[in-house]
1. Going by the conditions given, is residue 145 touching a strand residue (DSSP E or B) at 6+ places or on another chain (Cβ under 8 Å) and modelled with pLDDT of 95 or more?
2. Taking the condition of being farther than 28 Å from residue 183 by Cα and free of Cβ contacts under 8 Å to residues at least 40 places away in the same chain, how many residues in region 128-137 meet it?
3. Are there any helices (runs of 4 or more DSSP H) wholly within region 149-222 with 1 or more residues that are in contact with a strand residue (DSSP E or B) (Cβ under 6 Å, 6 or more places away or on another chain) and free of Cβ contacts under 8 Å to residues at least 24 places away in the same chain, and if so which?
4. Answer yes if at least one residue in region 11-29 is part of a helix (DSSP H, G or I), closer than 20 Å to residue 184 by Cβ, more than 16 Å from the chain's Cα centre (by Cα) and free of Cβ contacts under 8 Å to residues at least 40 places away in the same chain, and no otherwise.
5. Restricting the search to region 69-85, which residues are part of a helix (DSSP H, G or I) and either in contact with a strand residue (DSSP E or B) (Cβ under 9 Å, 6 or more places away or on another chain) or loosely packed, with under 13 Cβ neighbours inside 10 Å (or both)?
6. Is it fair to say residue 3 is more than 17 Å from residue 125 (Cα to Cα) and buried (at least 16 other Cβ atoms within 10 Å of the Cβ)?
7. Return the only residue of 125, 140, 51 being in contact (Cβ under 8 Å) with a residue 24 or more places away in the chain and either touching a helix residue (DSSP H, G or I) at 6+ places or on another chain (Cβ under 6 Å) or under 24 Å from residue 167 (Cβ atoms) (or both).
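The values are calculated or read from the model by the stated rules, or taken from the named source; none is laboratory data. Predicted model, so just to flag it, every value in this text is computed and none were measured. No Cβ is skipped: glycine too gets one built from the backbone with ideal geometry, and neighbour counts run over all protein chains shown.
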């Protein structure tokens, strides 16, 4: 692994309460995986480590506005998210009711994301970044390599991995800074995602491996 803040950035998908808080809308499905992987702790370590060594951090959030309620079809989990008002906001131009809601950043990531330096891109609407400006924001800053983490492993993280790879980015996934739903009928989303990570990503690493590489490259002055 060779990283440089000149061309490498950290991308975090959906670090939001509805996925990562015990009070979130999906905790019954994802809670065991989040707890087992120490996902929130690892995301905090990864973001702090990136910022302390000069790497840019991007967040690709998931929001639904009232205008999205009229969609006429969707996939299994997509329909569920709409049914339970997951990631719901009052509107694209309003933060009314945002603070502390399911769409808000989970603590203790909120201060890190809201520090004025993190690049929060426009929301993706299903799973992948095709509908937001993540690729544009990365390219405009000369980024060609991405360290990817966040929620959830087999949905938004995997979709971002696939699209960024198709768009020509080198993508490494941090496997213990993510988690996924575990459902008695649909299966273990985390296990499925890690298999696909190994098939698709340029590298699959742990948080400690990512931090070691970021720090090493920082010491080398790259």
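1. Yes; evaluated as a whole, the condition is true for this residue.
2. Adding up the residues that qualify gives 3.
3. Values: elements: 158-166, 189-200, 207-219.
The qualifying helices (runs of 4 or more DSSP H) are 189-200.
4. The initial filter retains those residues of region 11-29 that are part of a helix (DSSP H, G or I), namely 17-20, 27-29.
Imposing the further condition that a residue be closer than 20 Å to residue 184 by Cβ reduces the set to 19, 27-29.
Retained after the next criterion (residues that are more than 16 Å from the chain's Cα centre (by Cα)): 27-29.
The next check asks that each one be free of Cβ contacts under 8 Å to residues at least 40 places away in the same chain; those that pass are 27-28.
Within region 11-29, one or more residues are part of a helix (DSSP H, G or I), closer than 20 Å to residue 184 by Cβ, more than 16 Å from the chain's Cα centre (by Cα) and free of Cβ contacts under 8 Å to residues at least 40 places away in the same chain.
5. 69, 70, 76, 79, 81, 82, 83
6. Yes.
7. On inspection, the qualifying residue turns out to be 125.
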